[in-house]
């Protein structure tokens, strides 16, 4: 690896809830540097969740993230001319990133309605363990389970 790794930046809480995870989620939703548009989408989705469920949207959001976060994933590893899908445990930061990305992708793939409505519907579904984001997690876990036989390749000797 050339040079040194990029420093880990501290992210401040979001404007409305002062929550670091929501601020990160807004940054993941953001496209082309348009943060105010991303905030409108996320806060709009939270308002819809608040109206539908009569609960704090942060609790629903955190529950959705917990239900969608993967515990294991597979990575390709080349061993002696063959590629194996080797299951690895997922670190905390990557778990959050994957969960957010899956929720965003699933919301964007929904048809009709505004982006905030689609986001709210997907977060609500994910908090109940349903929806495309939850299906994605199950697919990743099934893939890891199917390739459990190659788990010993994850603990290979250093070069």
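Rule-based calculations on the coordinates, nothing more; no lab input. Given the structure is predicted, the values throughout are model-derived calculations rather than measurements. Please note: Cβ atoms are built from the backbone with ideal geometry, for glycine as well, and neighbour counts cover all protein chains shown.
Tabulated values for the structure
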quantity: Given (1) free of Cβ contacts under 8 Å to residues at least 12 places away in the same chain; (2) in contact with a helix residue (DSSP H, G or I) (Cβ under 7 Å, 6 or more places away or on another chain), index of the condition residue 33 fails; calculated: (2)
quantity: Residue within the range 126-139 that is surrounded by fewer than 21 Cβ atoms within 10 Å (Cβ to Cβ), on the phi > 0 side of the Ramachandran plot and either part of a helix (DSSP H, G or I) or in contact (Cβ under 8 Å) with a residue 12 or more places away in the chain (or both) present; calculated: yes
quantity: Any hit, the range 142-149, residues being crowded, with 19+ Cβ neighbours inside 10 Å, at negative phi, more than 16 Å from the chain's Cα centre (by Cα) and part of a helix (DSSP H, G or I); calculated: yes
quantity: Residue match in the range 101-121 (condition: within 20 Å of the chain's Cα centre (by Cα), surrounded by fewer than 19 Cβ atoms within 10 Å (Cβ to Cβ) and not in a helix (DSSP H, G or I)); calculated: yes
